[in-house]
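J.: Before we start, here is the structure in question, set down as structure tokens.
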Amino acid sequence: MEVLILLFVVVFLLPIVFVFAQYNGMVGLRNHIRDAWANIDTELKRRHDLIPNLVATVKGYAAHEREVLQQVVELRNRCLNHQQPVATLASEESQLTAALQRLMVVVENYPQLKADQNFLQLQQELVNTEDRIQSARRFYNGNVRDYRNRVQYFPGNLVAKMFGFGLEEYFDAEPEARNNPQIRLD
């Protein structure tokens, strides 16, 4: 009789416990990814909120740099109203980062602007925000990696297919924007 109970446990209950554990692990990792994405979204919003003030300050000194300023504003607005997949948003955010880098190059031609305290404060906030975005991106991508491992490794991949767990996308920087903006405060 004890052998039958043991056989029942091994054949029926252990696989059920395994499936529950795998399922709950995947749900937990998916929720970590959503939380990490919310952190990225918060930092991107912070960046988007800083940009109009930065552009307005630069515009006061460098009105004839209209093309660069318009490009920054246009990209900011497009990124702010994102409804696209992570990969598309990552591409647009990378374009915005590149445009901000071009804006900072323009600023180098205006010594009065570089000495303006309001501009310096906005510039420092932008640098801090960029650092937080990078940190949040690394955290998000680490969670995506762990989730993808769980969903793709055997035998978890069987549970993932059974319950429809798909792969999540990494938030990758585009090749031209792989470096943080080089902003000098001197």
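J.: State to the nearest 20 debye the size of the charge dipole of the chain about its Cα centre, where the only charges are +1 on K and R beta carbons and -1 on D and E beta carbons.
T.: Value, rounded to 20: 240 debye.
J.: Let me ask something additional. Could you point to the residue in ILE16, ILE33, LEU158 farthest towards the positive end of the chain's charge dipole, with +1 and -1 charges on the Cβ of Lys/Arg and Asp/Glu respectively?
T.: Farthest along the dipole direction, towards plus: ILE16.
J.: Further question on the same structure: Using a Förster radius of 41 Å, what is the FRET efficiency between ASN39 and VAL11 based on their Cβ-Cβ separation? Nearest 0.05, please.
T.: E between ASN39 and VAL11, to the nearest 0.05, is 0.40.
J.: Of TYR110, TYR61, which has the most accessible area and how do the rest follow, probe 1.4 Å?
T.: Ranked list, largest accessible area first: TYR61, TYR110.
J.: Relative contact order of the chain: what whole-number percent is it, with Cα pairs under 8 angstrom and at least 6 residues apart?
T.: That works out to 33 percent.
J.: Now for a different question. So if R0 is 30 Å, what FRET efficiency would TYR170 and LEU120 give, r being the distance between their Cβ atoms, rounded to the nearest 0.05?
T.: 0.30
J.: Then there's this: Compute the helix-to-body angle for 14-61: its Cα long axis versus the longest principal axis of the chain, expressed 0 to 90° and rounded to tens.
T.: Result, in degrees: 0.
J.: Follow-up question, since we're still on this one. Quick one: Cα centre-to-centre distance for region 75-93 and region 103-171, in angstrom?
T.: If you average the Cα positions of each part, the centres end up 12 Å apart.
J.: I would also like to ask the following. Using just the C-alpha positions of the chain as equal point scatterers, what log10 of I(q)/I(0) does the Debye formula give at each q in 0.10, 0.12 1/Å?
T.: Log10 I(q)/I(0), no solvent term: -0.53, -0.66.
J.: Here is a further query. Can you compute the FRET efficiency between PHE18 and TYR153 using 1/(1 + (r/R0)^6), with r the Cβ-Cβ distance and R0 = 22 Å? Round to the nearest 0.05.
T.: After rounding to 0.05, the efficiency reads 0.95.
J.: If ligands, DNA and RNA are left out, what is the accessible area of GLU108 with a 1.4 Å probe, given in Å² to the nearest 10?
T.: 70
J.: Rounded to the nearest 10 degrees, what's the angle between the helix 86-107 long axis and the longest principal axis of the chain, both from Cα atoms, 0 to 90?
T.: On a 0 to 90 degree scale, this one is about 20.
J.: Still on this structure: Work out from phi, with θ = phi - 60° and the Karplus expression 6.51 cos²θ - 1.76 cosθ + 1.60, the ³J(HN,Hα) of each residue of region 140-154, listed in order in whole Hz, and give x for Gly and Pro.
T.: Values, residue by residue: 4, 5, x, 5, 5, 4, 4, 5, 4, 4, 4, 6, 9, 5, 7 Hz.
J.: Tell me, what is the 1.4 Å probe accessible area of VAL86, in Å² to the nearest 10?
T.: Spelled out: VAL86, probe radius 1.4 Å, area about 30 Å².
J.: Could I have the simple spin-label model distance between ASP146 and GLU2, label points 7 Å from Cα toward Cβ, reported in nm to one decimal?
T.: According to this spin-label approximation, the distance is 4.1 nm.
J.: Okay, next question. Ignoring ligands and nucleic acids, what accessible area does ASP35 show with a 1.4 Å probe (Å², nearest 10)?
T.: About 80 Å², rounded to the nearest 10.
The values are calculated or read from the model by the stated rules, or taken from the named source; none is laboratory data. Treat the numbers as computed from the prediction; the structure is a model and nothing was measured. Here the Cβ is made from the backbone with ideal geometry for all residues, glycine too, and neighbour counts use every protein chain on show. Accessible surface is based on the protein model in full, side chains and every heavy atom, while ligands, DNA and RNA are left aside. Shrake-Rupley method; radii C 1.70, N 1.55, O 1.52, S 1.80 Å.
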